[in-house]
Structures are given as C-alpha cells and as structure tokens.
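K.L.:
Have a look at the structure that comes next, please.
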Amino acid sequence: MFRSLGALVGDLLIVLLFVGIGMIQHGTPLTSQNVLLVGWPFAVGVLLGHLAIRAWRAPFRLWPHGVFVWAITLATAMALRTLFSAGTEVSFVIVTAVVTGVLMLGWRALALYLTRAERAPRATSKAPAESDAAR
C-alpha cells in the first residue's frame, strides 16, 4: 500500500519539479497559482497513468508500468494543453518527453536499486528442531 502511494507521490513530485524548473528557466514567477495552472495537466496525466496501468501492482517497475505511466502522463498533458490553448510547440513536447522520461524512469530505477535486498530471494535455513536432532 505504502509503495503504491509512494510511486504516485514520486511521480507527482517529479511533475512538480519539472514544472518548477521550467518556470524558473522561462522567468515565470514561482507562485502556487502559476504552478497549479501549468502543472495540472501533468498531474491529471500521472493519475490517469497510474489508474490505466494499475501501477499499484508493481509500483517501482520500469517496464511496463513506469514507461506506460510516463507515456500516458505525456499524452494526457499535451492533449489537455492543446485543448486549453496552453501551447504544445514541437520543441516543448520534445523537451517535456525527454526530461519527464528521464526523471520518471530514473527515480524508479533508483528505487529498484535501493530496494533490491528486499526483493532478493532469502536463503532458507534449517529449523532449530532439525539442527538439534543432527547433534
């Protein structure tokens, strides 16, 4: 449960990071209102991506979960930005795809690496009764 929620929160934080960096790069004031106005299409995309792929089943997986959540996030955000005339120039779409892809898949790869010991098969040891009988 916590990992599933962690994956969703992780993706939403990545979207916020991307939006914040973009706003700073373009000289847009970093206010909560501006972050909300720019970031909501991406947040909707993250939520749809998690629901569509049922990401809670394997929240840190790169394939297919991470890739599909990223792709759905990107497609949804660009569709909503187009629908609301927020701009989807080709250069913006390319930069968005590359940066969000690296960040969204990168944090999952790091999470997989850091939790590898938890996923490794454990060696079975003899039960105490068996070892006492062997003496």
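K.L.:
Collect the residues in the stretch 1-19 that are of a type in the set (A, V, I, L, M) and either assigned to a helix (DSSP H, G or I) or surrounded by 17 or more Cβ atoms within 10 Å (Cβ to Cβ) (or both), keeping them in residue-number order.
P.N.:
The first filter runs over the stretch 1-19 and keeps only residues of a type in the set (A, V, I, L, M), leaving 1, 5, 7-9, 12-17, 19.
Within the stretch 1-19, L5, A7, L8, V9, L12, L13, I14, V15, L16, L17, V19 meet the criteria.
K.L.:
Among the listed residues P64, P128, which satisfies the condition of being of a type outside the set (S, T, Y), surrounded by 10 or more Cβ atoms within 10 Å (Cβ to Cβ) and modelled with pLDDT under 95?
P.N.:
Details: P128 fails: surrounded by 10 or more Cβ atoms within 10 Å (Cβ to Cβ).
Among P64, P128, only P64 is of a type outside the set (S, T, Y), surrounded by 10 or more Cβ atoms within 10 Å (Cβ to Cβ) and modelled with pLDDT under 95.
K.L.:
Another question, if that's okay. Would you mind finding the one in R54, R116 that is under 14 Å from the mean Cα position of the chain (by Cα) and of a type in the set (D, E, K, R)? If you could, list the steps in order and put the result at the bottom.
P.N.:
Working: R116 fails: under 14 Å from the mean Cα position of the chain (by Cα).
Of R54, R116, the one residue that is under 14 Å from the mean Cα position of the chain (by Cα) and of a type in the set (D, E, K, R) is R54.
K.L.:
A further question follows. State yes or no: is W63 touching a residue at least 40 places away in the same chain (Cβ under 8 Å), farther than 17 Å from V15 by Cα and in a helix (DSSP H, G or I)? Show your work before the answer.
P.N.:
Values: touching a residue at least 40 places away in the same chain (Cβ under 8 Å): no; farther than 17 Å from V15 by Cα: yes; in a helix (DSSP H, G or I): yes.
Here the answer is no, as W63 does not meet what is asked.
K.L.:
Continuing with the same structure: Would you check if there is a residue in the stretch 80-89 being part of a helix (DSSP H, G or I), surrounded by fewer than 18 Cβ atoms within 10 Å (Cβ to Cβ), in contact with a Pro (Cβ under 7 Å, 6 or more places away or on another chain) and not charged (D, E, K, R)?
P.N.:
Quick first cut of the stretch 80-89, residues part of a helix (DSSP H, G or I) only: 80-83.
Now narrow it down to the ones that are surrounded by fewer than 18 Cβ atoms within 10 Å (Cβ to Cβ): 80, 82-83.
Then drop every residue that is not in contact with a Pro (Cβ under 7 Å, 6 or more places away or on another chain), which leaves 80.
Next cut, not charged (D, E, K, R) only: 80.
Taking every residue of the stretch 80-89 in turn, at least one turns out to be part of a helix (DSSP H, G or I), surrounded by fewer than 18 Cβ atoms within 10 Å (Cβ to Cβ), in contact with a Pro (Cβ under 7 Å, 6 or more places away or on another chain) and not charged (D, E, K, R).
K.L.:
Do we have any residue at all in the stretch 35-58 that's under 18 Å from V95 (Cα atoms), in contact with a Pro (Cβ under 8 Å, 6 or more places away or on another chain) and surrounded by 16 or more Cβ atoms within 10 Å (Cβ to Cβ)?
P.N.:
no
K.L.:
Within the stretch 44-58, can one find any residue that is over 27 Å from T115 (Cα atoms) and not small (G, A, S)?
P.N.:
First pass over the stretch 44-58, keeping only residues over 27 Å from T115 (Cα atoms): 44.
If we keep only those that are not small (G, A, S) as well, we get 44.
Within the stretch 44-58, one or more residues are over 27 Å from T115 (Cα atoms) and not small (G, A, S).
K.L.:
Anything in the stretch 20-50 that is in a helix (DSSP H, G or I), farther than 15 Å from L80 by Cα and touching a helix residue (DSSP H, G or I) at 6+ places or on another chain (Cβ under 9 Å)? List them, or say none. Break it down into steps so the answer makes sense when it comes.
P.N.:
Going residue by residue through the stretch 20-50, those that are in a helix (DSSP H, G or I) are 20-25, 32-50.
Applying the additional criterion that residues be farther than 15 Å from L80 by Cα yields 20-25, 32-35, 50.
Correct list: G20, I21, G22, M23, N34, V35, H50.
The values are calculated or read from the model by the stated rules, or taken from the named source; none is laboratory data. The structure displayed is predicted, hence computed values, not measured ones. When we count neighbours, we look across all protein chains shown, and the Cβ atoms used for this are built from the backbone with ideal geometry, even at glycine.
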